[in-house]
C-alpha cells in the first residue's frame with residue numbers, strides 16, 4: 001500500500017519510523033517548512049524533516065497545504081492512504097478525498113475528549129488519571145472523524161508532557177500498524193464519535209503560562225508538568241522571570257506559607273499555594289541554564305522571598321500619568 005505521511009512534531013517521528021518498518025511503501029513525507037526556533041531564532045527543521053532525511057524519504061515542505069501547488073505535489077505521489085500525526089495544518093477537502101483508502105490521523109487523546117492542538121498538555125493540566133491514543137478517519141471538522149481504534153493508558157501523577165508524549169507516540173505507532181491490514185483490505189470498521197461528549201484542547205495562550213499562586217498546590221503542579229516541555233510555566237521574582245520546570249506536591253491542605261512565599265531550608269525549596277505546599281525541584285532563571293532549585297536559591301543567598309502571581313502588568317500608554325490639561329510635546333517624523 002502506498003502511504004503518504006504528514007507530520008511535524010516529535011510525537012510524529014516514531015509513527016513515521018513504524019510505517020517505514022512495516023510492509024507499506026512510504027511514497028513521501030509532508031512537513032512544515034523550517035522556522036525560527038530557540039534562543040537564536042535561527043531557521044530549524046521539524047523533527048519529522050530530520051527523520052525523513054535520515055530515512056531517505058521524498059520530502060515536501062509546503063508553507064500552505066491548501067495552496068494549489070501543494071495539492072498538486074501531494075497528488076503526484078499517488079497515495080492510497082494518507083496518515084497524519086501532529087502535522088500542524090488543517091488538511092483541505094481536496095486531499096481528504098484523494099486516497100482510495102482515506103486519510104487517518106493518530107491523535108494523542110481518547111476522542112472525543114481533547115480535540116485540538118494541545119491534547120496532552122490539556123489532559124495533564126486537568127489532572128486526568130488516564131488518557132490514550134485514537135486512530136480516526138479525517139474529516140473537515142478537526143479531530144471529529146469516525147474512530148478506527150483506541151487504546152487507554154494511565155497517567156502517572158508526576159508525569160510531564162514530554163514523558164507522556166513519548167509513551168503515547170510509541171503506543172500510537174503500534175496501534176496504527178495494527179490497524180493497517182484492515183485499511184489495506186478495505187474492511188476497516190469505524191464508529192462515529194459522540195459530539196455531545198467532545199471537549200476542546202486549544203493551544204496554550206501566553207497568558208496561561210504564568211503561575212497564579214493563589215490556587216491549590218495540585219493545580220499549580222499540574223500546570224508545571226503540562227507546560228514542562230514548552231513553553232514552561234513562569235513566575236516573577238521582582239523584575240526577573242523564572243521558569244518553573246519541575247515540582248512535587250508536599251502538602252495539599254494546610255500550609256504555614258502564604259501564596260508565592262518561598263522558604264529554602266535543609267536542602268529543600270518550598271513555595272506556598274492556596275492551599276498547599278509545593279517542592280521546587282528544577283528551575284530556569286532568565287538568561288541561565290536550567291538547574292536544581294536548591295542550587296539556584298543558594299546563589300540568591302536568601303532563605304525566604306516571594307514570587308509574584310500572574311503576568312507582569314502591561315506598560316501604561318504614553319501620557320497616561322500626565323495631569324489632565326497638561327501640554328504634551330510630540331516628536332513628529
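Condition (residue is touching a strand residue (DSSP E or B) at 6+ places or on another chain (Cβ under 8 Å), surrounded by fewer than 18 Cβ atoms within 10 Å (Cβ to Cβ) and part of a strand (DSSP E or B)) applied to the range 214-227: is it met by at least one residue?
no
Return the residues of the range 246-284 that are out of contact with any strand residue (DSSP E or B) (no Cβ under 7 Å at 6 or more places or on another chain) and touching a residue at least 24 places away in the same chain (Cβ under 8 Å); say none if nothing qualifies.
Narrowing the range 246-284 to residues out of contact with any strand residue (DSSP E or B) (no Cβ under 7 Å at 6 or more places or on another chain): 252-254, 256, 264-267, 275.
Those that are out of contact with any strand residue (DSSP E or B) (no Cβ under 7 Å at 6 or more places or on another chain) and touching a residue at least 24 places away in the same chain (Cβ under 8 Å): 252, 264, 265, 267, 275.
Looking at 123, 86, can you tell me which residue is under 22 Å from residue 19 (Cα atoms), crowded, with 24+ Cβ neighbours inside 10 Å and under 23 Å from the mean Cα position of the chain (by Cα)? Outline the logic, then answer.
On the way: 123 fails: under 22 Å from residue 19 (Cα atoms).
Only one candidate passes the filter, namely 86.
Anything in the range 252-273 that is surrounded by fewer than 20 Cβ atoms within 10 Å (Cβ to Cβ), touching a helix residue (DSSP H, G or I) at 6+ places or on another chain (Cβ under 7 Å) and over 18 Å from residue 291 (Cα atoms)? List them, or say none.
Hit for the range 252-273 is 252, nothing else.
Confirm whether residue 78 is over 27 Å from the mean Cα position of the chain (by Cα), touching a residue at least 12 places away in the same chain (Cβ under 8 Å), surrounded by fewer than 16 Cβ atoms within 10 Å (Cβ to Cβ) and over 30 Å from residue 223 (Cα atoms).
yes
Would you check if residue 73 is surrounded by fewer than 23 Cβ atoms within 10 Å (Cβ to Cβ), at pLDDT 95 or above and more than 23 Å from residue 185 (Cβ to Cβ)? Working first, answer last.
On the way: surrounded by fewer than 23 Cβ atoms within 10 Å (Cβ to Cβ): yes; at pLDDT 95 or above: yes; more than 23 Å from residue 185 (Cβ to Cβ): yes.
So residue 73 fits the description; yes.
List the pairs whose first member sits in the range 290-305 and is surrounded by 14 or more Cβ atoms within 10 Å (Cβ to Cβ), whose second member is not in a strand (DSSP E or B), and whose Cβ atoms are under 9 Å apart, counting only residues at least 6 apart or on separate chains?
If the second residue must be not in a strand (DSSP E or B), the pairs left are 291/299; 294/267; 296/288; 297/303; 305/238; 305/297.
The values are calculated or read from the model by the stated rules, or taken from the named source; none is laboratory data. Model, not experiment: these values are computed from the prediction. Cβ sites come from the backbone with ideal geometry, for glycine too, and all protein chains shown count toward neighbours.
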